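To keep things clear, I will list the structure first and then write my remarks on it.
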Amino acid sequence: MKKQIVIGSRGSRLAEIQARSVLEKLGNLYPGVKFSLSKIVTRGDREKTSFLPQISGYGFFVKELEEALLEGRIDIAVHSLKDLPFQTPEKLLLAAITRRLDPRDVLISRRNNLEKLPAGSVVGTGSLRRTVQLKACRSDILVRAIRGNIDTRLRRVSDGEVDAVIIAAAAMIRLGWQDKITEYLSTDCFLPQAGQGALGIEIRSDDEEILALIRLLHHEPTAQIVGAERSLVQTLGGGCSSAIASLGTINGNKLRLRGMITGEGGVVYAAEEGNILNPQEVALRLAEKLKEDT
């Protein structure tokens, strides 16, 4: 077994926390191995002012990490699963998906929860998915496109630049900032991005030694659920920054998958159920249902 293994992470505070959580788990499992962290700046870290739907190109937040893997500069890359494109590059492998944290979105506000925000209030988000659902829920709210790390977005609220922002619950939980959350937004109106709340661990496909280590971090129920969510978005032709949302839940051997897409009549929601052993089939049926309703 290798005596030193390098784990790659984006440079943000949240990304580092996520990568260190993986490092600590592996360190506890394999005390004889030295694990270290390498911070890698991605295009997403450099271009902090661009609105995500306007940005083209593969793997806005992951490409540089994948290049470091292929070049052997790191052995493991830790990603927010919601940032990972659906197709894994040749010679790389999505080796593990971690147990998911709360997949919901949350509101951080200076004043009230979403229902009580006065008409004309300004809510900041860089997500087209969040924007269309917010406008469907509160058409009298103004949306401002913002980018930046979590600290920057929260500062825009405290400085009064916006009245509130919408952020992934899992991000606030990992940062230990649950006390800053004004409201957990209901999934009746705010379905999350596919894979939100889970981490994806990527390695070189021919690295059997690393694969054996990483397998212990894999959480199969989460993998089944987010696999269905990602399949739905992919079938509908969406990507990581598209206005398509999905959320799966498991009850026994049943998978319930809900989805959201925009059509000529506005935001459309639908749901489908099926056997958890056939998540892609459930996703395909739901995609067809959503297409029919748009």
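Where a number appears in this text, it was derived from the coordinates with a stated rule and is not lab data. Remember, it's a predicted structure, so these values are computed and weren't measured experimentally. Ideal geometry is used to build each Cβ from the backbone, glycine not excepted, and the neighbour counts take in all protein chains shown.
Kirkwood hydrodynamic radius of the range 105-184, from the reciprocal of the average inverse Cα-Cα distance over all distinct pairs: 12.4 Å. Taking packing as the residue-averaged number of other Cβ atoms within 10 angstrom, the listed peptides 62-69, 157-164 run from highest to lowest as 62-69, 157-164. With each label modelled as a point 7 angstrom along the Cα→C-beta vector, the ASN113-ARG215 pair spans 4.6 nm. Relative contact order of the chain, taken over Cα pairs closer than 8 Å and 6 or more residues apart, is 20 percent. In plain terms, the residue of VAL165, VAL233 with the fewest other Cβ atoms within 10 Å comes first and the most crowded comes last, giving VAL233, VAL165.
Across the range 222-233, computed HN-Hα scalar couplings (Karplus, 6.51 cos²θ - 1.76 cosθ + 1.60, θ = phi - 60°) run 4, 4, 5, 5, 6, x, 5, 4, 5, 5, 4, 4 Hz from first to last residue, x flagging Gly and Pro. Highest GNM mean-square fluctuation among ALA96, ALA212, ALA171, for the chain modelled with Cα contacts below 10 Å: ALA212. So for the range 195-287, what percent of the C-alpha to C-alpha distances run longer than 17 Å? Every Cα pair in the range 195-287 considered, those over 17 Å come to 54 percent.
Residues whose amide H falls under 5 Å from that of SER121, counting only those 5 or more places apart or on a different chain, are LEU142, with hydrogens built in the peptide plane. Convex hull volume of the Cα atoms of the chain, normalised per residue: 130 Å³. Our analysis of the range 212-261 gives Rg over Rh at 1.06, with the two radii drawn from alpha carbon positions and Rh computed by the Kirkwood formula. Aspartates and glutamates within cross-link reach of LYS39: Cα-Cα under 12 Å, excluding same-chain residues under 8 positions apart? Filter leaves GLU16, GLU64. The helix-only estimate of mean residue ellipticity at 222 nm for the chain, built from DSSP H runs of length n ≥ 4 each weighted as -39500 (n - 2.57), is -9500 deg cm²/dmol after division by the residue total.
Computed extension length for GLU273-LEU142: 43.6 nm, one decimal, from 0.36 nm per residue of separation with the Cα-Cα distance subtracted. Taking θ as phi - 60° and the Karplus parameters 6.51, -1.76 and 1.60, the scalar couplings of the range 88-94 work out to 7, x, 4, 6, 10, 9, 7 Hz in sequence order, x denoting glycine and proline.
The stretch between ILE250 and GLN178, if pulled fully straight at 0.36 nm per residue, gains 23.4 nm over its current Cα-Cα span. Modelled this way, with points 7 Å down the Cα-to-C-beta line, the labels at ASP188 and LYS91 are 5.2 nm from one another.
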